[in-house]
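Enquirer: Here it is, the structure, as structure tokens.
The values are calculated or read from the model by the stated rules, or taken from the named source; none is laboratory data. Just so it is clear, the model here is predicted, and its values are computed rather than measured. Glycine also receives a Cβ, built like all others from the backbone with ideal geometry; neighbour counts cover every protein chain displayed. When the accessible area is computed, the model is the full protein with side chains, heavy atoms only, and any ligands, DNA or RNA have been set aside. Shrake-Rupley method; radii C 1.70, N 1.55, O 1.52, S 1.80 Å.
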Amino acid sequence: MEKNNIEVNEFKIEGRNAVIEAFRSGKTIDRLFVLDGCQDGPVSTIKREAKKQDTMIKYVTKERLDQLSDTGKHQGVIAMCAAYDYSEMEDVFALAEKKGEPPFVIILDNIEDPHNLGAIIRTANQAGAHGVIIPKNRAVGLTATVARTSAGALNYTPVVKVTNIAQTIEELKDKGLWFVCADMDGTVMYDLNLTGPIGLVIGNEGDGVGRLVKEKCDMVASIPMKGDIDSLNASVATGVLAYEIVRQRLKK
């Protein structure tokens, strides 16, 4: 699509008219980059549309926008679109019911690397998780890189975006789920009962699971480490813990 010589890429939309159209057409936009200090009419309209959809707005310098731009015609606004549509929480429970299994979800507390997110979604699919839950802010969304790295798993595994991870855990507890988070100081995963309706919580690549989120979890699981470094990549840790859940479910 092209309008007023403003190019619209599949996952990045540049230019004021194009961004306004994207919001009004209902396209899922993960985050909006706006020139800091810009207050004119079209930009105010874009910000208003972004707030309606609870889209994260980042105010940046012209130099940063120029770096992000593929067209050189961003006009002070660039929208980053989701490569795939997000699911609703009901889709996760519907999938579990369809398979006749207790719900199994993977919750990601601010994963920032798109390759990690893509790999986790792929693992979630292979391990039989019924959905992946990610936060709206301070985390990567369903970008083109995530879609490629998931190797098609996004077509089968629902990904739900929520405003508050800690609050979501509380809401899912009311639906009968227990929660286990990954942390080096936890109980060795083999000594925990990870059967039944369960949510696996994985933290940020650098800081791990946030304190408030960790406090909401019922169990804290550690992965036995035999090497010389003290942590695993987030996607690898997800795979190890997810397959311990699989093992215990099969054993049961």
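Enquirer: Scan the stretch 106-119 for residues that are of a type in the set (A, V, I, L, M) and within 9 Å of Thr149 (Cα to Cα) and report the count.
Expert: Going through the stretch 106-119 one residue at a time, the tally reaches 2.
Enquirer: A further question on this structure: Spot the failing condition for Ala94; the list is (1) touching a residue at least 12 places away in the same chain (Cβ under 8 Å); (2) out of contact with any Phe, Trp or Tyr (no Cβ under 7 Å at 6 or more places or on another chain); (3) among the hydrophobic types (A, V, I, L, M, F, W, C), and only one is missed.
Expert: The number of the failed condition is (1).
Enquirer: Okay, moving on. Of all the helices (runs of 4 or more DSSP H) wholly in the stretch 137-252, which have at least 1 residues that are out of contact with any helix residue (DSSP H, G or I) (no Cβ under 6 Å at 6 or more places or on another chain) and among the small types (Gly, Ala, Ser)?
Expert: In the stretch 137-252, the matching helices (runs of 4 or more DSSP H) lie at 144-149, 234-251.
Enquirer: Taking the stretch 177-194, which residues are open to solvent by less than 40 Å² (accessible area, probe 1.4 Å) and modelled with pLDDT of 95 or more?
Expert: Those that are open to solvent by less than 40 Å² (accessible area, probe 1.4 Å) and modelled with pLDDT of 95 or more: Leu177, Phe179, Val180, Cys181, Met189, Leu192, Leu194.
Enquirer: Of the numbered conditions (1) surrounded by 14 or more Cβ atoms within 10 Å (Cβ to Cβ); (2) touching a Pro at 6+ places or on another chain (Cβ under 6 Å), Lys216 satisfies every one except a single condition; which is it?
Expert: Condition not satisfied by Lys216: (2).
Enquirer: One residue is enough: does the stretch 123-130 have a residue meeting the conditions more than 16 Å from the chain's Cα centre (by Cα), in contact (Cβ under 8 Å) with a residue 12 or more places away in the chain and assigned to a loop (DSSP other than H, G, I, E, B)?
Expert: Scanning the stretch 123-130 turns up at least one residue that is more than 16 Å from the chain's Cα centre (by Cα), in contact (Cβ under 8 Å) with a residue 12 or more places away in the chain and assigned to a loop (DSSP other than H, G, I, E, B).
Enquirer: Charged (D, E, K, R), in contact with a strand residue (DSSP E or B) (Cβ under 6 Å, 6 or more places away or on another chain) and either open to solvent by 20 Å² or more (accessible area, probe 1.4 Å) or in contact (Cβ under 8 Å) with a residue 12 or more places away in the chain (or both), is that true of Lys173?
Expert: Working: charged (D, E, K, R): yes; in contact with a strand residue (DSSP E or B) (Cβ under 6 Å, 6 or more places away or on another chain): no; either open to solvent by 20 Å² or more (accessible area, probe 1.4 Å) or in contact (Cβ under 8 Å) with a residue 12 or more places away in the chain (or both): yes.
In short, no.
Enquirer: Out of the strands (runs of 3 or more DSSP E) lying entirely within the stretch 1-115, which hold 1 or more residues that are more than 20 Å from the chain's Cα centre (by Cα)?
Expert: Fully inside the stretch 1-115 and qualifying: 12-14, 29-35, 56-60, 77-81.
Enquirer: Here is a list of conditions, (1) crowded, with 19+ Cβ neighbours inside 10 Å; (2) modelled with pLDDT of 95 or more, and Ala82 meets all of them except one; can you say which number that is?
Expert: The one condition Ala82 does not meet is (2).
Enquirer: I would also like to ask the following. If the requirement is being on the phi < 0 side of the Ramachandran plot, at pLDDT below 95, surrounded by 24 or more Cβ atoms within 10 Å (Cβ to Cβ) and touching a Leu at 6+ places or on another chain (Cβ under 9 Å), which of these qualifies: Leu108, Leu142?
Expert: Sole residue among the options that is on the phi < 0 side of the Ramachandran plot, at pLDDT below 95, surrounded by 24 or more Cβ atoms within 10 Å (Cβ to Cβ) and touching a Leu at 6+ places or on another chain (Cβ under 9 Å): Leu142.
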